[in-house]
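Participant: Once you've had a glance at the structure underneath, I'll fire off some questions.
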Amino acid sequence: MAHNHGKADWTDDERVQRMANSYKVRYDDRFWKAFSSLTNRDSQPVVADFGCGPGLLLADIANRFKAHTAIALDESEQMLALAEKNLRELTKLESIDIQHVNFDTDEIQMEKNSIDFAFSGFMLHEVANPLDFVTNVKRVIKSNGIFVVYDFVSGNEEMFVKTVARQGMSEEDARKRYPHMCKHSADDIVEKLETSGFSDCRLITIDAVRAVVVGLKR
Ligand SMILES: C[S@@+](CC[C@H](N)C(=O)[O-])C[C@H]1O[C@@H](n2cnc3c(N)ncnc32)[C@H](O)[C@@H]1O
């Protein structure tokens, strides 16, 4: 199989640690401002992060939305172990559900209509079939629940190289990865949510390389 440059090896401990260390840079004030204005919700009892990585965003969301249950899904055991530790240390959740799943090949083992708030960060560009993935997420969201997608977007290679340099990526790697990691435009992401049946889709472009998109399940 050809190497997927959009997808790093998330079983590598150093990479896993780098992902955790860069959390505050990737989820900065500009992200939270966009997030707040797109979500504008108070309490969300069941929250889930698809491709949760180190679980730091899921912990912040669980606290912000006063959730009682958080569901962390990822294909990397290393990431899930870190997510479980972070969720235990940083939240007072009643229930922490850790699910090992590869969205490209496995079913999401969850009842239909079970999540109030779903999230995916820096993840959509990594899945083999984004439309199938978004459709599967929609199935497990409750009616009136929302899905927020945050990702790199296409259009500005130079800014992408600068941005990921701050997270420790070499210029050569960044240029090689640009077409894969910035695979979608913000409008492409909106279109995927709409095609999967999400309503009231809205987007905020944070800067030249990042966007946040939200869709409502009616
Ligand atoms: C760039 S990391 C982002 C992690 C986290 N969302 C964050 O922003 O801190 C991408 C994550 O998605 C997971 N991932 C990528 N493709 C996946 C797939 N097909 N199924 C399950 N998880 C996947 C990886 O294991 C990794 O933890």
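Participant: Taking θ = phi - 60°, what integer Hz values does the Karplus form 6.51 cos²θ - 1.76 cosθ + 1.60 yield along segment 98-111, in sequence order, with x for Gly and Pro?
Facilitator: 9, 10, 8, 8, 9, 5, 6, 10, 9, 6, 7, 7, 8, 4
Participant: Would you work out if segment 134-209 is rounded, prolate or oblate? Take a ≥ b ≥ c from the square roots of the eigenvalues of the alpha-carbon gyration tensor; rounded if a/c is under 1.5, else prolate when a/b is larger than b/c, oblate otherwise.
Facilitator: Verdict is prolate for segment 134-209.
Participant: By per-residue mean of other Cβ atoms within 10 Å, what is the highest-first order of 105-112, 130-137, 13-20, 153-160?
Facilitator: Ranking the peptides 105-112, 130-137, 13-20, 153-160 by packing returns 130-137, 153-160, 13-20, 105-112.
Participant: For Ser170 and Arg15, compute 0.36 nm times the residue count separating them, minus their Cα-Cα distance, and round to one decimal in nm.
Facilitator: Contour length minus the Cα-Cα distance gives 54.4 nm.
Participant: With a cap of 16 neighbouring Cβ atoms within 10 Å, and only residues DSSP puts in a loop, list the trypsin sites (Lys or Arg not before Pro) found in segment 129-212.
Facilitator: Qualifying residues, ordered by number: Arg166.
Participant: Another one. Once fully extended, how much extra length lies between His68 and Ser185, figured as 0.36 nm per residue of separation less the alpha-carbon to alpha-carbon distance?
Facilitator: Gain in length upon complete extension: 38.7 nm.
Participant: Taking only protein heavy atoms into account and a 1.4 Å probe, give the accessible area per residue of the chain in Å².
Facilitator: 48 Å²
Participant: Need the C-alpha centroid separation for segment 81-132 versus segment 53-69, integer Å.
Facilitator: 11 Å
Participant: Which lysines does Lys85 reach when only Cα atoms under 23 Å apart count, and residues fewer than 8 places away in its own chain are ignored?
Facilitator: Within the straight-line cut-off, Lys85 pairs with Lys24, Lys66.
Participant: Divide by every residue of the chain the summed helix terms, -39500 (n - 2.57) for each DSSP H run of at least 4, and state the resulting mean residue ellipticity at 222 nm, rounded to the nearest 500 deg cm²/dmol.
Facilitator: Counting only the DSSP helices, I get -12000 deg cm²/dmol.
Participant: Exceeding 19 Å between C-alpha atoms, which entries from my cross-link table qualify? They are Lys112/Lys217; Lys7/Lys183; Lys33/Lys183.
Facilitator: Lys33/Lys183
Participant: Rounded if a/c is under 1.5, else prolate if a/b beats b/c, else oblate: with a ≥ b ≥ c from the C-alpha gyration tensor eigenvalues square-rooted, which is the chain?
Facilitator: The shape class here is rounded.
Participant: Something else now. What share of the DSSP beta bridges in the chain is antiparallel, in percent to the nearest 5?
Facilitator: Bridges in the chain that DSSP calls antiparallel: roughly 40 percent.
Participant: Still on this structure: Expressed as a whole percentage, what fraction of the accessible surface of segment 13-216 belongs to carbon and sulfur atoms when a 1.4 Å probe is rolled over the protein heavy atoms?
Facilitator: The computed percentage sits at 45.
The values are calculated or read from the model by the stated rules, or taken from the named source; none is laboratory data. The shown structure was predicted, so the numbers you read here are calculated from the model rather than taken from an experiment. Cβ: placed from backbone, ideal geometry, glycine included. Neighbour counts: every protein chain shown. Accessible surface is based on the protein model in full, side chains and every heavy atom, while ligands, DNA and RNA are left aside. Shrake-Rupley method; radii C 1.70, N 1.55, O 1.52, S 1.80 Å.
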